[in-house]
Amino acid sequence: MSETVVPVDTTSRSYQVVVGSGILDTLGQRLAEACPCDAVFVVSDSNVAPLYLERVLSSLQQANLKTASTVVAAGETHKTIETYASILAAMAEAQLSRDSVVVALGGGVVGDMAGFAAATYMRGIRVVQVPTTLLAMVDSSVGGKTAIDLACGKNLVGAFLQPSLVLADVTCLSTLTPEVFADGMGEVVKHAVLASPQLFETLRQRPLAQDADPAYLVQVVSQNVAIKRDVVNADEQERGARQTLNLGHTIGHAIEAGDGYLQGHGHCVAAGLCCMARAAEHKGWAKSGLAARIESCTKAQGLPTTTSLDPNTLYSQATHDKKRHGQTMNIVVPTDIGAVELRTVTLDELRSLIESSLSGTEES
Ligand SMILES: NC(=O)c1ccc[n+]([C@@H]2O[C@H](COP(=O)([O-])OP(=O)(O)OC[C@H]3O[C@@H](n4cnc5c(N)ncnc54)[C@H](O)[C@@H]3O)[C@@H](O)[C@H]2O)c1
Ligand SMILES: [Zn+2]
């Protein structure tokens, strides 16, 4: 059993992210130590529950914890007020108190909804994240953001709630579809470009496969957790540095929406990252050759490096982005591997960046 513990200190809470292989059955004991409680309520979804819920419940029971659970329909389309309300009702039915703990067992959708239910039930109880997708392990379970969608937009209602413990068992990744695994890789490549030339080089030489050696999966996941932790720590309430986590997302979101959400988020982020790198290089903001390096790493992971959408579609989708401020937008520009800068651009500048992002750089 290989494992790495990444400690996270925030102003509201200090907790551990335990990343390991074959550690799911240790959840009960670790939870009992990290957050003594009167009951544990597990929230999972209809894909994850048949695979892992029994194991999680029996681990909790073996640690003498009182348990209850609810299973919601899987998928982003169910990250709604209705599902959130059904989780709260099930929590009340199970007579959870302020001393109880919610466990989110699933991908980012379950993590966000169970986290938001915990953040609001009785004005806030504790949550433990047990992420089962790569994206949830490297991204959504760390940082304390929780949210649900409204009909008119994603993640419009939410709260900050730092988890009391995160337990990521990389053996859970083996049951993901290849598309969902690759989606997580989009954020992994983003993290590497954002903060770690060493991780970038590792991935370029040895692309991370779903059936990789568990020790390698643990290494990559825990490095990603540390990168996200460091960015979030620098800026817990998202006023400055945390915006850098949006690297690849301005054009990525535009591709996602322009394509009618047919491609997964991480695929679009990867393409958006390559687009922004090309645009930055054309502008002379990035080191020459950067776009080609990012493209080669992205390609090696089986992720797209561009889009067939036209610049007008991308521009109109990008300017619907919630990160827009009046006539300007904040964008995150890669300048080298491990270096980015925040820039405020006018909408005209954004249009020209998008146009240039679709054509290759000299080196590519
Ligand atoms: N809170 C944050 O900071 C944050 C950050 C990034 C993304 N998010 C949110 O995360 C969500 C996306 O997360 P996601 O990509 O994990 O999607 P997801 O939770 O929908 O999981 C993807 C699919 O995989 C299934 N699944 C999960 N684990 C599995 C496993 N081990 N084996 C087999 N199937 C499994 C799920 O049932 C689902 O069908 C979005 O709603 C996004 O807004 C939140
Ligand atoms: Zn993302």
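Going by how many other Cβ atoms sit within 10 Å of their own, how do 78, 253, 320 line up, fewest first? Intermediate results must be reported in sequence, preceding the final value.
Numbers: 78 19, 253 23, 320 12.
Listing 78, 253, 320 from fewest to most nearby Cβ atoms yields 320, 78, 253.
Restrict the search to segment 186-243; then list the trypsin sites (Lys or Arg not before Pro) that DSSP places in a loop and that have at most 13 other Cβ atoms within 10 Å of their Cβ. Don't skip to the end; give the middle numbers.
Working: sites: 190, 204, 228, 229, 239, 242; in loops: 239.
Filter output for segment 186-243: 239.
Would you mind working out the magnitude of the charge dipole of segment 3-175 relative to its Cα centre, with +1 at each Lys and Arg C-beta and -1 at each Asp and Glu C-beta, to the nearest 20 Debye?
Details: 10 positive and 15 negative charges, 63 e Å.
The calculation lands at about 300 debye.
Extending each Cα 7 Å along its Cβ direction at residue 85 and residue 287, get the distance between those two points in nm, one decimal.
Here the answer is 5.4 nm between the modelled labels.
Take every DSSP beta bridge whose two residues both sit in the chain, then give the antiparallel share in percent to the nearest 5. Present the calculation step by step, with values, prior to reporting the outcome.
Details: 22 of 46 bridges.
Roughly 50 percent of the beta bridges in the chain run antiparallel, per DSSP.
Could you list the trypsin sites (Lys or Arg not before Pro) in segment 257-360 that lie in coil according to DSSP, counting only those with at most 13 other Cβ atoms within 10 Å of their Cβ? Intermediate results must be reported in sequence, preceding the final value.
On the way: sites: 278, 283, 287, 293, 299, 322, 323, 324, 343, 351; in loops: 287, 322, 323.
Passing sites in segment 257-360 are 322.
May I ask you to derive the relative contact order of the chain, considering only C-alpha pairs under 8 Å and at least 6 residues apart, and to give it as an integer percent?
Once divided by the residue count of the chain, the mean separation gives 15 percent.
Given a cut-off of 24 Å, name the pairs among 228/283; 66/228; 154/299; 190/299 whose C-alpha atoms lie farther apart than that in the structure shown.
Working: 228/283 28 Å; 66/228 33 Å; 154/299 28 Å; 190/299 13 Å.
Listed pairs above 24 Å: 228/283; 66/228; 154/299.
With a 10 Å Cβ neighbour count serving as the proxy for reagent exposure, in which order, fewest first, do 91, 137 appear?
91, 137
Between beta-carbons, use under 15 Å as the cut-off and find the net charge around residue 26, counting Lys and Arg +1, Asp and Glu -1. Could you put the intermediate results ahead of the total?
Working: positive: 30, 55; negative: 3, 25, 33, 169.
Neighbour charge sum, excluding residue 26 itself: -2.
Grab the DSSP H runs of the chain that are 4 residues or longer, score each as -39,500 (n - 2.57), total them, divide by all residues and round the 222 nm result to the nearest 500 deg cm²/dmol.
Values: 12 runs with 149 residues, N = 364.
Here the helix-only value at 222 nm equals -13000 deg cm²/dmol.
Just so you know, all these numbers are worked out from the coordinates, no wet-lab data involved. All of these numbers come straight from a predicted model, not from anything done at the bench. Every residue, glycine as well, gets a Cβ built from its backbone with ideal geometry; the counts of neighbours run over all protein chains shown.
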